[in-house]
1. Among the residues of segment 51-70, how many are open to solvent by 60 Å² or more (accessible area, probe 1.4 Å), farther than 19 Å from residue 88 by Cβ and touching a Ser or Thr at 6+ places or on another chain (Cβ under 9 Å)?
2. When residue 115 is evaluated against the numbered criteria (1) under 17 Å from the mean Cα position of the chain (by Cα); (2) modelled with pLDDT under 95, which criterion, by number, is the only one it fails?
3. Could you grab me the full set of residues in segment 1-45 that are surrounded by 11 or more Cβ atoms within 10 Å (Cβ to Cβ), hydrophobic (A, V, I, L, M, F, W, C) and at pLDDT below 50?
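The values are calculated or read from the model by the stated rules, or taken from the named source; none is laboratory data. Since the model is a prediction, treat every value here as computed from it, not as a measurement. Every residue, glycine as well, gets a Cβ built from its backbone with ideal geometry; the counts of neighbours run over all protein chains shown. The protein model used for the area step is the full one, side chains on, heavy atoms only, and it has no ligands, DNA or RNA in it. Shrake-Rupley method; radii C 1.70, N 1.55, O 1.52, S 1.80 Å.
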Amino acid sequence: MIKFLLVATLLLLAGCATQKYTFNPGDATAYLSAHRDRPSYIANALSEGKLAQGMNDAEVQICWGKPDSIMTQYQPNQRITTWSYVEPRLIASSFRWNYWGYEITKQAVFVNGVLSEWRVIQTME
């Protein structure tokens, strides 16, 4: 019984350790009210919480939240910025120790401040 409670507690804590971002349609509506000049394809994607090429960093943040890490590379006439979103995962657990790992779950790539591509990385469960 004690082992069962210990395992249940660890699973509960592992679930609480991740704070996933939840898209808020109200934030998108407020943003689009203040930025009526955005192209319709971006406005449509933003209102659904989806990314679209040509979005700026504020729009990506409305859809996916703040990134966990940002990496910037400079090439001739280009600044390439990659936003990565990570999720902690409980890899192994013993009586005294928990071993955590971090997995990149999605990335957004900006070229000169404009979203050019994004990827959702399949994670193993």
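1. 2
2. With respect to (1) under 17 Å from the mean Cα position of the chain (by Cα); (2) modelled with pLDDT under 95, residue 115 is out only on (2).
3. Answer for segment 1-45, where residues must be surrounded by 11 or more Cβ atoms within 10 Å (Cβ to Cβ), hydrophobic (A, V, I, L, M, F, W, C) and at pLDDT below 50: 6, 7, 10, 11, 13, 14, 17.
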